Amino acid sequence: MSTSPEQTYLARAFDDGRYDWARARRIRRRVVVAQVVLLTGLVAAVVAAATTDDGWPGWFFIAWTVGLLVFIPLHSVLNLGIRGVFDRSDRSLDEHQQTLRERSFLAMAWPATALHFLAWTGAVTVVATSGHVAPALCWGFLLWFAAGLTAYWHLAWTAPDEPADLC
Amino acid sequence: MGRQPRSEADKVHDRIAVLRADRGVSRKELADAVGVHPQTIGYVERGEYSPSLALALRIARFFDVPVEAVFSLDPLPSLSEELLRRTT
């Protein structure tokens, strides 16, 4: 039986040497900070939108769209930086990568649970206080999304720099 | 499955880099032979990851030496020192 990790298309993309620049700890940490700032900004925009009369002003629509579009390349870089260990099948990961993934899941279990709780309670509070459903859904989505990202952030922040050469 | 050492006492010392240099084997060649990513071999060599028993045994088998010749809980003496000790 082979013990080698399976080389799926996704695994090959994440292991591609052209993206070594994204795996430097400095880059990974910058992307984490950028994602946290972006999501925090969007949460602030949701709160501001909820206080308006219609709950869905034009500026919020633009901010929401731009924010989510900016998130896509940021998350791509983050995922390349951690070799996509959360998005690949177990079979394509070796024991060290599985250890890193499980360590980050465990470390972020409670913060992720707290964010899930905040997503639900915050959404209910927004509807109860403002009567607007759209910003409540946005709030819930953002915090649920952030809860799912905490393990990515933890790994990207804590993983050591990879050995420089393969010689 | 292996794990990251939590303290200096928890660290597993190894001779993989020396054996690789001696046999002229690259990290990638060793990694392919034992079924891990090349970076994992690098982490083991740097002492940042303690391999599972299965991986340690596969590495020892690759070099055709006993596992205790590759891995140790105590810092390993250099091969030249050990050779000198055995011949005197």
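Report the residue count in region A:118-167 for those that are within 14 Å of another protein chain (Cβ to nearest Cβ) and of a type in the set (S, T, N, Q). Before you say what the answer is, go through the steps one by one.
Quick first cut of region A:118-167, residues within 14 Å of another protein chain (Cβ to nearest Cβ) only: A:154-155, A:158-167.
Then keep just the ones that are of a type in the set (S, T, N, Q); that gives A:158.
Matching residues across region A:118-167 total 1.
How many residues, within region A:1-35, are touching a helix residue (DSSP H, G or I) at 6+ places or on another chain (Cβ under 7 Å), at pLDDT 85 or above and aliphatic (A, V, I, L, M)?
Number satisfying all stated conditions: 5.
Is it the case, given these coordinates, that A:Ala63 is of a type outside the set (Ser, Thr, Tyr), assigned to a helix (DSSP H, G or I) and surrounded by fewer than 18 Cβ atoms within 10 Å (Cβ to Cβ)? Write out each step before concluding.
Values: of a type outside the set (Ser, Thr, Tyr): yes; assigned to a helix (DSSP H, G or I): yes; surrounded by fewer than 18 Cβ atoms within 10 Å (Cβ to Cβ): no.
The answer is no for A:Ala63.
Might you check whether a residue that is facing chain A (nearest Cβ under 7 Å) and open to solvent by less than 40 Å² (accessible area, probe 1.4 Å) occurs anywhere in region B:3-24?
No.
Among the residues of region A:127-167, what is the count of those that are over 14 Å from the mean Cα position of the chain (by Cα) and closer than 15 Å to A:Leu42 by Cα? Show your work before the answer.
Step one: of region A:127-167, the residues over 14 Å from the mean Cα position of the chain (by Cα) are A:127-140, A:158-167.
Next, from what is left, pick out any that are closer than 15 Å to A:Leu42 by Cα: A:134-140.
Residues flagged as over 14 Å from the mean Cα position of the chain (by Cα) and closer than 15 Å to A:Leu42 by Cα within region A:127-167 amount to 7.
From the list B:Ala60, B:Ala69, exactly one residue is open to solvent by less than 20 Å² (accessible area, probe 1.4 Å), in a helix (DSSP H, G or I) and more than 14 Å from chain A (Cβ to nearest Cβ). Which is it?
B:Ala60
Name the single residue, out of those in region B:26-48 being out of contact with any strand residue (DSSP E or B) (no Cβ under 8 Å at 6 or more places or on another chain) and in contact (Cβ under 8 Å) with a residue 24 or more places away in the chain, that is nearest to A:Leu100 (Cα to Cα). Write out each step before concluding.
Residues of region B:26-48 out of contact with any strand residue (DSSP E or B) (no Cβ under 8 Å at 6 or more places or on another chain): B:26-43, B:46, B:48.
Right, trim to in contact (Cβ under 8 Å) with a residue 24 or more places away in the chain and you get B:30, B:33-34, B:41, B:48.
Values: B:Leu30: 21, B:Ala33: 22, B:Val34: 19, B:Ile41: 15, B:Glu48: 12 Å.
Result: B:Glu48.
For region A:8-28, does any single residue satisfy the condition of being within 19 Å of the chain's Cα centre (by Cα), assigned to a helix (DSSP H, G or I) and free of Cβ contacts under 8 Å to residues at least 40 places away in the same chain?
Within region A:8-28, one or more residues are within 19 Å of the chain's Cα centre (by Cα), assigned to a helix (DSSP H, G or I) and free of Cβ contacts under 8 Å to residues at least 40 places away in the same chain.
When region A:39-60 is examined, which residues are found to be in a helix (DSSP H, G or I) and out of contact with any helix residue (DSSP H, G or I) (no Cβ under 6 Å at 6 or more places or on another chain)?
Step one: of region A:39-60, the residues in a helix (DSSP H, G or I) are A:39-50, A:58-60.
Correct list: A:Thr40, A:Gly41, A:Ala44, A:Val47, A:Ala48, A:Gly58, A:Trp59.
Somewhere in region A:103-110, is a residue within 14 Å of another protein chain (Cβ to nearest Cβ), among the charged types (D, E, K, R) and either crowded, with 20+ Cβ neighbours inside 10 Å or in contact with a helix residue (DSSP H, G or I) (Cβ under 7 Å, 6 or more places away or on another chain) (or both)?
no
Name the one entry in B:Glu29, B:Glu48 that is open to solvent by 20 Å² or more (accessible area, probe 1.4 Å), outside any helix (DSSP H, G or I) and within 12 Å of chain A (Cβ to nearest Cβ). Steps first, answer last, please.
On the way: B:Glu29 fails: outside any helix (DSSP H, G or I).
Residue meeting the stated conditions: B:Glu48.
Can you tell me which residue is most open to solvent (accessible area, probe 1.4 Å) among those in region A:111-133 that are of a type outside the set (A, V, I, L, M) and closer than 18 Å to A:Ala146 by Cα?
A:Trp120
Among the residues of region A:74-91, is any of a type in the set (Val, Ile, Thr), out of contact with any His (no Cβ under 9 Å at 6 or more places or on another chain) and open to solvent by 30 Å² or more (accessible area, probe 1.4 Å)?
Of region A:74-91, the ones of a type in the set (Val, Ile, Thr) are A:77, A:82, A:85.
Filter once more, keeping what is out of contact with any His (no Cβ under 9 Å at 6 or more places or on another chain): A:77, A:82, A:85.
After this cut, where a residue has to be open to solvent by 30 Å² or more (accessible area, probe 1.4 Å) as well, the list is A:77.
There is at least one residue in region A:74-91 that is of a type in the set (Val, Ile, Thr), out of contact with any His (no Cβ under 9 Å at 6 or more places or on another chain) and open to solvent by 30 Å² or more (accessible area, probe 1.4 Å).
The values are calculated or read from the model by the stated rules, or taken from the named source; none is laboratory data. Here the structure is a predicted model, which is why all the values come from computation and not from measurement. No Cβ is skipped: glycine too gets one built from the backbone with ideal geometry, and neighbour counts run over all protein chains shown. Heavy atoms of the whole protein, side chains included, go into the accessibility calculation; ligands, DNA and RNA do not. Shrake-Rupley method; radii C 1.70, N 1.55, O 1.52, S 1.80 Å.
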